[in-house]
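Beneath this line is the structure, given in structure tokens, with notes to follow.
The values are calculated or read from the model by the stated rules, or taken from the named source; none is laboratory data. Since the structure is predicted, the reported quantities are computational estimates derived from the model, not experimental observations. Here the Cβ positions follow ideal geometry from the backbone for every residue, glycine too, while neighbour counts run over all protein chains shown.
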């Protein structure tokens, strides 16, 4: 059930701005939605952009029916619900969604940790087990794969990414040892690699991101020592390691330029080999903002979304930063008496911000999935930034497109230079040269439906811009 209503309990508080007179934060909202039912809890753990909108993944639970399972929802760019699906897991006593990706065919793949309920209240908890679940683009279950375990030992799957060769790669544990798993698109387990953090102390794998040469992992220590970044190749073989600048990021993200960002207590920019370039931290009203999601914006800027602790609860914070991590604008969104966790952040074709999060006390019934669209801040950036980019600002139309897009600069002058098209996981899938005409066309006919980033370097204007495209 989808409910449209005004969030009277949602207060938007503007944080540190570089501007003076700006519109109220409430006026920035384009739409707000709550998704769930009055008789169940429906959480939001992950959100991914898909063709035509966004898909959220969480879990549902019902105390009256003693049932639990996965809960998926797709909304369009206006926030309208396209479908909701439940993957029932009637024998799961414990269920943790741990990852969600979209493959090249538009299928959805989730990593899950589950455990059957104990035979009785006095019985010990049963071992956890990792599962990989594949869905069609419309949320119907294709298959489920269990990670093999040995005897009573636990085997889990946590963070999941799309591999460089179209495979599904995840971190987790195999019989309590930190491990890296690689699955084929059909769900076959291709290989497993045990990744030792350190022979002298225990640790576990916490994060994973695909990079051009393989995969960059973050291994966290069970002690108060700093963790480390570990680079492995396509077969999971160790290449190198580097100490982290802080104890542990909650997520690793890669942009279209190959930069890796570690999000957690702050924001760290990394090379694809795990070397730290810089680290920034952000506060809102004197309290640390912990960013957990990032999306790339035009002009080498980034939108961050995360949690800010407000006494016993967490609120949602947004921030836009430049390529060096400097804060350009931020806002804090507060809902009283509810604990919030950010599930994902994305962009509409118009460049507006969409945030999905879970609320422990939603308006429909206990825990609900929540989404809102926030008007982008492009027109509110500092005047110097706007003036320098005005004549070079590019537009692409039609967007979405079923075939090709036309590029046009604001000043109408011919475009020269080169361009690269990146898919959703940052892989360069197409390149070309701008022919020196005012309205060049770029064909996307050979690319599958989905979202892309088009990076253009204009040699005449000495500018580089990134546009977000959708192939219908």
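Regarding segment 139-152, can at least one residue be identified that is within 30 Å of residue 258 (Cβ to Cβ), surrounded by 21 or more Cβ atoms within 10 Å (Cβ to Cβ) and modelled with pLDDT of 85 or more?
The answer is no; no qualifying residue exists.
With respect to residue 347, is the statement that it is free of Cβ contacts under 8 Å to residues at least 60 places away in the same chain, within 15 Å of the chain's Cα centre (by Cα) and assigned by TED's automatic domain parsing to the domain that holds residue 259 true?
Criteria not met by residue 347.
State whether one or more residues within segment 433-456 are under 20 Å from residue 258 (Cα atoms) and surrounded by fewer than 16 Cβ atoms within 10 Å (Cβ to Cβ).
no
Kindly indicate whether any position in segment 106-119 is over 21 Å from the mean Cα position of the chain (by Cα), assigned to a loop (DSSP other than H, G, I, E, B) and at pLDDT 85 or above.
No, the conditions are met nowhere in segment 106-119.
In this structure, is residue 325 part of a loop (DSSP other than H, G, I, E, B) and in the same structural domain as residue 251 (by TED's automatic domain parsing)?
Considered against the rule, which asks whether it is part of a loop (DSSP other than H, G, I, E, B) and in the same structural domain as residue 251 (by TED's automatic domain parsing), residue 325 comes out as yes.
Do you know which residues across segment 80-96 are modelled with pLDDT of 95 or more and buried (at least 20 other Cβ atoms within 10 Å of the Cβ)?
The answer is 84, and nothing else.
Could you list all residues from segment 49-68 that are on the phi < 0 side of the Ramachandran plot and surrounded by fewer than 20 Cβ atoms within 10 Å (Cβ to Cβ)?
Once the filter is applied, which keeps residues that are on the phi < 0 side of the Ramachandran plot and surrounded by fewer than 20 Cβ atoms within 10 Å (Cβ to Cβ), segment 49-68 yields 51, 61, 62, 63, 64, 65, 67.
Can you find even one residue in segment 399-410 that is in a strand (DSSP E or B) and under 21 Å from residue 54 (Cα atoms)?
yes
Looking at segment 334-370, which of the residues that are at pLDDT below 90 and in a strand (DSSP E or B) is nearest to residue 467 (Cα to Cα)?
Applying the filter and picking the extreme gives 334.
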